[in-house]
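Beneath this line is the structure, given in structure tokens, with notes to follow.
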Amino acid sequence: MPSRTRTKIQTTPENTQDVSASPDKQTSSDKAKVRRAQVRSAQIKHRQRKAEYIKELETEIEQLRNKIASTRKETHVLHKENQALLSQVQQSLPVLTSSNPNGPLLPSTGGPTPPMEEDITMTLGFDEILNSPCFYISSSPSSSLMGSTPPTTMDTTSPDQAAPIAPTLPCLPEMTPHQIQQAINFILALEHICRNHHHPPSIPFKSSSSPNNHILMASSLALRTAPEPVFHTINKTTLFGTPLMSFRPPSPDSEDAQVSWQTSGLTLLNLYGLACTLQADNIDIYPVQVWFELVARYGADVILTQTDELKKKLGKVVRCPRYGAVLDRKIFEKVVEEVLGGDG
């Protein structure tokens, strides 16, 4: 009968250590996977809540904008009627003389009439720094780009004593019209990724639809009065590549004249109000919030000298999670650190 040999496996201290250590390694790996899954789940829930919040804001803002537009039309009509009545009264009254050469013939009935908002020219152009089409203000800088700051208390001064109120917030310093235009164009440039995500005004707003109306953006203010051909032109552009058509400022007689249009309400003060409406968190930051946060931290003079570099680096990391352009907060802080340093 053949003999059987038994092979004895020798257990060394190293083998014993590997066997005993493997459950610990497996446990640590499982814990890390569970932790990553929890973080992903928390981020998903956070963005879902944010999408629902944005959807509610879009509905409210659309309603308010419609009311504002209606009020402006009524104000314009009443202003014309008032001027017509005043003209008729002045024509029917005889010419009066006053014994006091410095005294007015008729008492003043109120303060000066506030100026109407000036229209600005918006253009869909090609940004060489972004290497992408984007919207920008192409008309000459105007002081109306800042916007009118309403008084915080009741004004009891006479019309002669009244003075324009200058912004006092750190993120709204006094700026020249050219600097204000540069700031607004910077915000519009960061929103370039969503330029073809807007709908023509002829398409009614649906509050029950998914939150993809992009109302809470500077671009939405710019496109409120854009004619429908502008939206057709927008859809012909390509992202991060050579545009399919020329984006030089068109002449009135050119075929591409529809890429420019007139709009109003796109002021720095309105954009600041929009930035305050959006929730601030440590996950995302919106382009309309970027400008005011940077100005509050570093000052307008510093930011204005670095807009091209900031636009170049931040423009590459902008994304759209369906409801508008956003930047990851950590990536944003990293870019700011690279360009501006950490002294802000």
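The values are calculated or read from the model by the stated rules, or taken from the named source; none is laboratory data. Everything numeric here is computed off the predicted structure, so don't read it as measured data. Cβ coordinates were reconstructed from backbone atoms using ideal geometry, including for glycine residues, and neighbour counts include every protein chain displayed.
Residues that are in a loop (DSSP other than H, G, I, E, B) and β-branched (V, I, T) were ranked within the stretch 164-215; the one that is modelled with the lowest pLDDT is I165.
Of the residues examined, S138 is one that is among the small types (G, A, S), at pLDDT 80 or above and either under 21 Å from Q262 (Cβ atoms) or in contact with a Cys (Cβ under 7 Å, 6 or more places away or on another chain) (or both).
The single condition from (1) part of a loop (DSSP other than H, G, I, E, B); (2) under 24 Å from E60 (Cβ atoms) that V288 fails is (1).
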